[in-house]
Amino acid sequence: MVVGESGLGKSTLTNSLFLTDVYSDEYPGPSQRVKKTLEVQKTALSITENGIKLNLTVVDTPGFGDNVNNDKCWDPIQSYIDQQYDNYLNQESRVNRPVHIHDTRVHVCLYFIAPSGHGLKPLDIEFMRRLHEKVNIVPLIAKADTMTPDECHDFKKEILREIQMHNINIYEFPDVSDEEENRLQKKLKQRVPFAVIGSNVVLQINDRRIRARQYPWGIAEVENEEHCDFKILRDMLIRTHMQDLIDVTSSVHYENFRAKKLAGVMP
Ligand code: GDP
Ligand code: MG
């Protein structure tokens, strides 16, 4: 699921992550426009990664800040997440429980933070505080190409400081025993919150086709690890941490929901 203020590049990043194949002939070209999202919108897609077919669902949400009054702008998102847990619980509690429960639970929430350099907005804090016990939150710095590397570095530190200060629990990379693995995890952890760049434009440079944003002073490459953390994010989501995101959703967030529901604390 992608969440955050309107215009931060949620739809563009989603496209860059999954929806269009850079290397296919059918790629529709750079003029493709993304429209504004007005309601929670599900898109099912299947991608092939290392020869393995993955079925994913992307949930796009209406951007915050479109209204003068942002009171309760998290409501549709919160109810969507709860609704999926409810569906799951209902299937699980049937007398004739299905062998395969159709799992529509939200396994990760990519939260987009504006590249202001000034830290989190009150709305960011409010949103994350409301949702952190329900879903794995992975914070992202949107439009990282608008910051210098130094600004970005400082901004990351400031965001983490505020997240800690407000006792927000973002998704934590699991500790592993294997040394090699551990090094990899450390590298990932150090990059949080991931700074990302999205683009619908594919440039042909020599014999390479790269997704990038072009400026008079140069190009910002989406998949270049020196330009942003896009590649790390993508790898984490569909390769290295997909199973852990599913496991944590099931064993922590869903259990939380179930316990509250059964205790009658929740409507
Ligand atoms: P959404 O409302 O969050 O879904 O945002 P969109 O994906 O519709 O993007 C809003 C605008 O920001 C569009 O004009 C995009 O071209 C632009 N945009 C998207 N991603 C980036 C980015 O990484 N860097 C910059 N500079 N602009 C971006
Ligand atoms: Mg959008």
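Measuring nothing but protein heavy atoms, the accessible surface of the chain at 1.4 Å probe radius is 47 percent carbon and sulfur.
On full extension, the segment bounded by Asp75 and Asp103 gains 7.9 nm, given 0.36 nm per residue less the C-alpha separation. Comparing Gly218, Gly119, Gly63 in a Gaussian network model of the chain where C-alpha atoms under 10 Å apart are linked, the largest mean-square fluctuation is found at Gly218. Springs join every pair of Cα atoms under 10 Å in this Gaussian network model of the chain, and among Ile168, Ile101, Ile219 the largest mean-square fluctuation is at Ile101. DSSP beta bridges confined to the chain are antiparallel in about 60 percent of cases.
Comparing mean-square fluctuations of Lys134, Lys187, Lys143 from a GNM of the chain with C-alpha springs under 10 Å, the top value falls on Lys187. The value obtained for the chain, namely the Cα convex hull volume divided by the number of residues, is 172 Å³ per residue.
Heavy-atom accessible surface of the chain, averaged per residue, reaches 57 Å², computed with a 1.4 Å probe. For the set Lys72/Lys187; Lys157/Lys231; Lys10/Lys261; Lys186/Lys231; Lys187/Lys260, the pairs lying more than 27 angstrom apart at their alpha carbons are Lys72/Lys187; Lys10/Lys261; Lys187/Lys260.
Proximity of backbone amide H atoms, modeled 1.01 Å from N, is registered between Val201 and Ala212 at under 5 Å, excluding neighbours fewer than 5 places apart on the same chain. Simple rule: put +1 on each Lys or Arg Cβ and -1 on each Asp or Glu Cβ in the chain, find the dipole, and look at Tyr80, Gly7, Thr148; the Cα lying farthest toward the positive end is Tyr80. Placing unit charges on the Cβ atoms of the charged side chains and taking the dipole of the chain about its Cα centre, the candidate lying farthest along the positive direction among Val99, Leu262, Ile219 is Leu262.
The values are calculated or read from the model by the stated rules, or taken from the named source; none is laboratory data. Every value quoted in this text rests on a predicted model; they were computed, and no experiment measured them. Cβ: placed from backbone, ideal geometry, glycine included. Neighbour counts: every protein chain shown. For accessibility, only protein heavy atoms count, side chains too; no ligands or nucleic acids. Shrake-Rupley method; radii C 1.70, N 1.55, O 1.52, S 1.80 Å.
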